[in-house]
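A quick write-up on the structure given underneath.
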Amino acid sequence: MHKETVDFIRQTFKEPSDFIPLHEPRFVGNERKYVLDAIDSTFVSSVGKYVDQFEQMMCDITGAKYAVAIVNGTNALHLSLILAGVKAGDEVISQSLTFIATANAIAYCNATPHFVDVDKKTMGLSPSLLKKHLQNIALIKEGACYNKLTGKKIAACVPMHTFGLPLYIDELIEVCNEYHIPVIEDAAESLGSYYKDKHTGTFGLLGTFSFNGNKTVTSGGGGAIVTNNKELAKQAKHLSTQSKIPHKWEYKHDNIGYNYRMPNINAALACAQLEQLNYYIKNKRDLSDKYFNFFENQKNVKLIREVESGKANYWLNAILLNDKKARDNFLEYTNSNGIMTRPIWGLMNNLEMFKDCPKADLSNAKYFEDRIVNITSSVRINE
Ligand SMILES: *Cc1c(COP(=O)(O)O)cnc(C)c1O
């Protein structure tokens, strides 16, 4: 059975080499031109026209009023948590089924992740399960939410759009609003994904993106924060620039700041890549349709698809196998036949650093942890 899958992937990708990676970056547009231009201009570092252009493009693409270029997605999350008011000793609600960067960024604030389960369809934080959990443990005091069991403030909620599949973000925001919890969307994987025709990352107070080499488009390394709040955007820029008060020659800093700026040379690459975004998404959505038709005839494999109100970028295609043993068989067969496949992340609450964090029932996350595998998802340029 898995031989058919390997053959199908080889036919679909027509890669010249025997080994087919999970997701490769593609440089088919102005990448070389813009990067060379950045070098020729000598503006390769913290400021330059490509940084400005990148921020404008991110506004145009997402529909957010403001975008701030950041050195990577993890730091974009860290800064957003600070901007949302997360302080040492607070708790931050998030998924245990996510990439470690989400939980790490919370830890950088000396705050504690508080894990709530994901939805059975979207693999993103579940609005109904969050609501149920908060009904049990939350206490509203002076306009803020507290965990009755720990006494700690629940200062933010960070849902994540898994593999670019939009989660039920508007319902989630509704629940969080009811409990006075600001929402930061980890949209690292969901550039080009929409929920109810609105771009992911633009529903919450702040949204963050990643332009790491494995993402839909890449700047080598890079990130962005988007928001509709002018003051927060200004603060994001300021904090990411060592909190330096702009001045022709003087060094004056009004806060502990960070060096979280995206270098202009990376922004040059990002701009060229963003020009390709629509083409990439079309290509990826077409690939997901191809996989869907292929797996439809296989009883023991199910391709995960977007929910009705969502439009996914299908960054990484994900299949669901019957159980852990079936998953391991699939991983073993594909990887020993030159097709790189990978299981979903292990749950955050099972890691040594996060094992004592507060958590709700995590049955859905556990279900996916045992069964989900990512399959070849690069943009096909030989189409
Ligand atoms: C990639 C990713 C990040 C972090 O992005 P970097 O740019 O690699 O720091 C954060 N969250 C999720 C869910 C990601 O997939």
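Using the Kirkwood radius over Cα pairs, work out the Stokes-Einstein diffusion coefficient for the chain at 10 °C and 1.306 mPa s, in µm²/s as a whole number.
74
Could you size up the charge dipole of the chain around its Cα centre, putting +1 on the beta carbon of Lys and Arg and -1 on that of Asp and Glu, and report it in debye to the nearest 20? It would help to have the intermediate numbers written out before the result.
Working: 44 positive and 42 negative charges, 43 e Å.
Dipole about the Cα centre, nearest 20: 200 debye.
Across the Cα atoms of the stretch 169-296, what radius of gyration and what greatest pairwise Cα-Cα distance (Dmax) are found, in Å?
Gyration radius and largest Cα-Cα distance of the stretch 169-296: 18.1, 65 Å.
If you put +1 on each Lys and Arg Cβ and -1 on each Asp and Glu Cβ, how big is the dipole of the stretch 75-138 around its Cα centre, in Debye rounded to 20?
So the magnitude is around 180 debye.
How many nm separate the modelled label positions at Glu174 and Leu22, each set 7 Å beyond the Cα in the direction of the Cβ?
So the two model labels end up 3.5 nm from each other.
How high is the FRET efficiency between Tyr108 and Tyr333 when r is their beta carbon distance and R₀ equals 25 Å, given to the nearest 0.05?
On the way: r = 39 Å, r/R0 = 1.57.
Rounded to the nearest 0.05, the efficiency is 0.05.
Work through the residues other than Thr162 whose Cβ is under 10 Å from its Cβ and net out their charges, Lys, Arg +1 and Asp, Glu -1. Intermediate values should be presented prior to the final figure.
Numbers: positive: none; negative: Asp119, Asp186, Glu189.
Around Thr162, the surrounding residues sum to -3.
Would you kindly state how much longer the chain becomes between Val47 and Asp254 on full extension, computed as 0.36 nm times their sequence separation minus their alpha carbon distance, in nm to one decimal? Write out the running numbers ahead of the final one.
On the way: separation 207, 0.36 × 207 = 74.52 nm, distance 2.04 nm.
Once the chain is fully extended between Val47 and Asp254, it gains 72.5 nm.
Just name one of Ser240, Leu303, Ser288: the one whose Cα is farthest towards the positive end of the charge dipole of the chain (beta-carbon charges, Lys/Arg +1, Asp/Glu -1).
Value: Ser240.
One quarter of the convex hull surface, Cα atoms only: what value does that give for the stretch 70-207 in nm²?
Working: hull surface 29.6 nm².
Its average projected convex-hull area is 7.4 nm².
Pairs to check: Lys148/Lys359; Lys302/Lys325; Lys65/Lys215; Lys3/Lys302; Lys65/Lys230; Lys215/Lys290. Give those whose C-alpha atoms are more than 18 Å from each other in this structure. Each step should come with its number before you reach the end.
Working: Lys148/Lys359 13 Å; Lys302/Lys325 16 Å; Lys65/Lys215 23 Å; Lys3/Lys302 16 Å; Lys65/Lys230 8 Å; Lys215/Lys290 21 Å.
Over 18 Å apart, Cα to Cα: Lys65/Lys215; Lys215/Lys290.
Please state, as a whole number in µm²/s, the translational diffusion coefficient that the Stokes-Einstein equation yields for the stretch 1-58 at 10 °C and 1.306 mPa s, with Rh defined as the Kirkwood radius across alpha carbon pairs.
Details: Rh = 15.0 Å.
Here the translational diffusion coefficient equals 106 µm²/s.
For the ranges 118-124, 181-187, 344-350, what's the packing order if you count other beta-carbon atoms within 10 Å of each residue, average per peptide, and put the highest first? Mind dumping the intermediate values first?
Values: 118-124: 22.6, 181-187: 27.1, 344-350: 18.6.
Ranking the peptides 118-124, 181-187, 344-350 by packing returns 181-187, 118-124, 344-350.
Tell me, what is the FRET efficiency for Asn30 and Lys148 to the nearest 0.05, using R0 = 45 angstrom and their Cβ-Cβ distance as r? Show your work: numbers first, answer last.
Working: r = 55 Å, r/R0 = 1.22.
Once rounded, the FRET efficiency stands at 0.25.
Nearest 20 debye, what's the magnitude of the dipole of the stretch 244-383 about its Cα centre given +1 on Lys and Arg Cβ and -1 on Asp and Glu Cβ? Please list the in-between numbers first.
Values: 21 positive and 17 negative charges, 33 e Å.
Dipole about the Cα centre, nearest 20: 160 debye.
Would you work out which of Phe13, Cys271, Asn349 lies farthest towards the positive end of the dipole of the chain? Charges go on Cβ: Lys and Arg +1, Asp and Glu -1.
Asn349
Is it possible to state the helix-based mean residue ellipticity at 222 nm for the chain, with each DSSP H run of 4+ residues giving -39500 (n - 2.57), the sum divided by total residues, to the nearest 500 deg cm²/dmol? What is it?
Details: 12 runs with 141 residues, N = 383.
So the calculated ellipticity at 222 nm is -11500 deg cm²/dmol.
What Rg and what Dmax come out for the stretch 106-149 when only alpha-carbon atoms are used, in angstroms?
Cα radius of gyration and Dmax of the stretch 106-149 are 12.4, 36 Å respectively.
All other residues with a Cβ under 13 Å from the Cβ of Met348 taken together, and with Lys, Arg as +1 and Asp, Glu as -1, what is their net charge? Numbers along the way, then the final one.
Numbers: positive: Lys355, Lys359, Lys366; negative: Asp117, Asp186, Glu352, Asp356, Glu369.
Spelling it out: positives minus negatives among the neighbours equals -2.
Any idea which of His253, Thr102, Tyr50 is furthest toward the positive side of the dipole for the stretch 31-274, if Lys and Arg beta-carbons carry +1 and Asp and Glu beta-carbons -1?
Most positive-ward Cα: His253.
Bear in mind these aren't lab numbers, they're just calculated from the coordinates by the rules spelled out. These numbers were taken from a predicted model, which means no experiment stands behind them. Counting neighbours? That spans all protein chains shown, and the Cβs are built from the backbone with ideal geometry, glycine included.
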